[in-house]
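Working notes, beginning with the structure itself.
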Amino acid sequence: ATLRAVRNLTGQPIDYFAEVNLAGFYHLAESLGGVEVCLNHAVYDEYSGADFPAGRQRLDAAQALAFVRQRHGLENGDLDRTHRQQAFLAAITHQLQQSGVFGNLDAFRDLVEVARKDVVLSQGWGEPQFRRLAALAGGEVEFRTLPVLRYENIDGQDVNIVDPAAIRAEISAAIAGSPVATTPEAASPGPDTVVAVVNGSQSYGLASRTADVLSRQGFTVGEIRDREDGEPPGTVISYGPGAGTDANAVADMLGVVTAPQEDPNLEDDHIRVILGDGFDPSAVDLGSFTPDSPPDSTLPTTSESVDTTTPIPDAGPPIDGGGVPCVN
């Protein structure tokens with residue numbers, strides 16, 4: 001489910017993945033005898049145990065774990081913690097390169113065994129893949145943090161609200177090597193475009209939450225209801241005359257791969273979105289769904305107001321993987 005959500009959100013295939021837990025940071029630092037990091041400012045956090053001065057310094061394994069765990073007391077919260085973890089990986093890569101581990105077969109294999117204890121690997125990983133990563137250690141790696149529009153709390157859960165279209169554009173531009181706009185914006189929908197959202201799945205509230213997402217992106221939402229007999233069971237986006245461009249934008253926003261279909265029975269500038277059981281809500285800002293939520297036909301159709309005065313969280317510049325970068 002996680003891989004599917006990431007694929008839908010980014011629009012990119014995933015050949016391999018590696019998942020490391022926090023214990024992995026500890027064991028890697030321990031096996032290396034500590035790691036050198038750099039901080040822009042002195043920090044103190046009683047929750048994680050982080051208590052470090054500004055500047056370059058060498059951390060032991062316990063300190064390294066506190067370094068990557070801290071989220072309280074940071075100006076940019078989770079995004080600053082992301083930068084910490086990226087900087088930690090960059091520093092380790094630099095240290096391994098400088099010490100010659102990547103060129104020493106026995107030392108390299110020992111390192112791989114340490115990593116395997118705390119890293120979940122997808123199928124296909126082997127020594128050749130690790131060596132390909134090692135070949136990038138000379139500074140060919142760049143860590144990027146994808147943009148977040150704002151932080152919210154939905155049903156008691158802290159969430160990051162993102163713009164899927166902007167994320168796909170940034171990733172595509174980064175892979176192509178072209179510059180990325182600092183504030184990518186999706187084109188505004190036509191003023192006469194109306195979107196109907198139909199829940200054809202078993203997830204109560206799905207259509208109403210999806211309609212809220214569309215409303216926040218500037219679309220005028222029409223009817224919100226459950227699927228009726230004779231309507232397609234899968235996820236289908238249809239549009240009437242004049243609404244093709246906006247229908248494609250809706251599909252992109254919701255992570256729907258199947259191209260929208262023109263329907264001559266729909267009114268001009270009207271779009272109908274049917275959400276089937278195959279629809280993956282994790283790719284967009286839809287909050288959570290609970291079995292005891294009422295059906296979509298009984299939910300209010302108005303979207304909640306959004307505080308547009310809150311500053312957009314700073315994703316920060318890319319982090320160079322060829323040294324010891326300074327972070328907050």
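Extending 7 Å from Cα along the Cβ direction at residue 216 and again at residue 112 yields two label points whose distance is 4.4 nm.
Taking label points 7 Å from Cα along the Cα-to-Cβ direction, residue 202 and residue 252 give a separation of 3.4 nm.
The relative contact order of segment 194-278 comes to 42 percent, based on Cα pairs under 8 Å that sit 6 or more residues apart. Full extension of the chain between residue 314 and residue 6 yields a length gain of 108.8 nm, computed as 0.36 nm times the residue separation minus the alpha carbon distance.
D for segment 191-259, whole µm²/s, Stokes-Einstein with Kirkwood Rh over alpha-carbon pairs at 37 °C and 0.692 mPa s: what number? The partial results should precede the final answer.
On the way: Rh = 12.5 Å.
Rounded, D is 262 µm²/s.
Taking label positions 7 Å along the Cα-Cβ direction at both residue 159 and residue 172, the computed distance is 2.5 nm, reported to one decimal.
Could you work out the mean projected area of the convex hull around the alpha carbons of segment 1-149, in square nanometres to one decimal? Can you show the working numbers first?
Numbers: hull surface 39.4 nm².
If I average the Cα hull's projected area over directions, I get 9.8 nm².
Every number here is computed from the coordinates shown, using simple stated rules; none is lab data. This is a predicted model, so every value here is computed, not measured. Heads up, the Cβs are rebuilt from the backbone with ideal geometry, glycines too, and the neighbour counts pull from every protein chain shown.
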